[in-house]
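Readers should treat all values here as calculations from the given coordinates under stated rules, not as data from a laboratory. The structure displayed is predicted, hence computed values, not measured ones. No Cβ is skipped: glycine too gets one built from the backbone with ideal geometry, and neighbour counts run over all protein chains shown.
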Amino acid sequence: MWRFRNLVVVVGLVTVLGLISPHTVAAEEAPVVIEPPPVGYPEITRGAHNVFALLSGVYTSMTVLEETTTAGGGVLTGETDYGIGERVLVQGSASGALLFGNRNQLVVTSVPVDVSLVFQPVRANRVSLFLFGGAGGALTVSTLTVTIPQPVPLTSTVIEDDTTVRVSAVTGALRGGVQATWFFRNWAASLFATYRTVGGSYETTQTSAMSYTYPGDSGAIAQSAAISLGADLLNTRHGLALSSAFQLRENSNLVVVSVKYLVSSSR
């Protein structure tokens, strides 16, 4: 029971990076997805190439088996886009994420990548509307330390074995959404919504501090979906944006705050 309960917690927290709990553990948990601002710059120009750097802070809380666990950390993202038409943009990003939990020495690392296509059906002096869709994936590894009571044979003694639990997961995702942008002087304000479906596979291992042997596990991560909502405030003169996104679910909450900087532009 100790091993099962803590495995539920760690696999649940892996969802912070866009995964869902394996169906063998907690299939009812919907994914919690870190969603950066989807459109890098509120103008699309054929042949224009931009490079961005994003630094995001993440906080999540999750209730598993009537116990609340929190995790927080940061995500560093490099992003580039290219205008393949006057209203069409291709966009790619790669990230590195590191989060720490408040229980069981939890550490979560992830390397997600994403490629998107952005279409601008509405472009006026003060208002723009963007539609976007794409695909991506992530390699996520989380570790925690749990204490497993081990009875000594033929005695009433119980030894506490500190065991490292490791969960590795590979996922793929499809996403789509909409972003509306309003312009005023050197500023642009946006609201966006993103719908993403995620699935994949996972593998767990346990390493005993006292040389006990524990079975591993592997399986499929069932397909599931999540919606992220957010806002973006951009200074178009300096290419600096402040963004926030959130997900509020029955058993989990997620808040992401990002600073995005235009490193270079060919405009």
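Here the calculated FRET efficiency for SER208 and VAL158, from their Cβ-Cβ distance with R0 = 22 Å, stands at 0.90, rounded to the nearest 0.05. Karplus-derived 3J(HN,Hα) values for the range 90-95, using 6.51 cos²θ - 1.76 cosθ + 1.60 with θ = phi - 60°, are 9, 9, x, 8, 9, 9 Hz; glycine and proline are entered as x. Residues in the range 141-152 carry Karplus couplings, in order, of 10, 10, 9, 8, 10, 10, 9, 10, x, 10, x, 7 Hz; the curve used is 6.51 cos²θ - 1.76 cosθ + 1.60 with θ = phi - 60°, and Gly or Pro positions show x. Spatially, the range 119-155 and the range 48-96 are offset by 10 Å when compared through their Cα centroids. All alpha carbon pair distances within the range 75-169 were sorted into 5 Å bins beginning at 0; the resulting P(r) in whole percents reads 3, 11, 13, 12, 10, 10, 9, 7, 7, 5, 4, 3, 3, 2, 1, 1, 0.
Relative to the 2.2 N^0.38 Å rule of thumb, the range 162-255 has a C-alpha radius of gyration ratio of 1.66.
The ranking of PHE130, PHE100 by Cβ neighbour count inside 10 Å, starting from the fewest, reads PHE100, PHE130.
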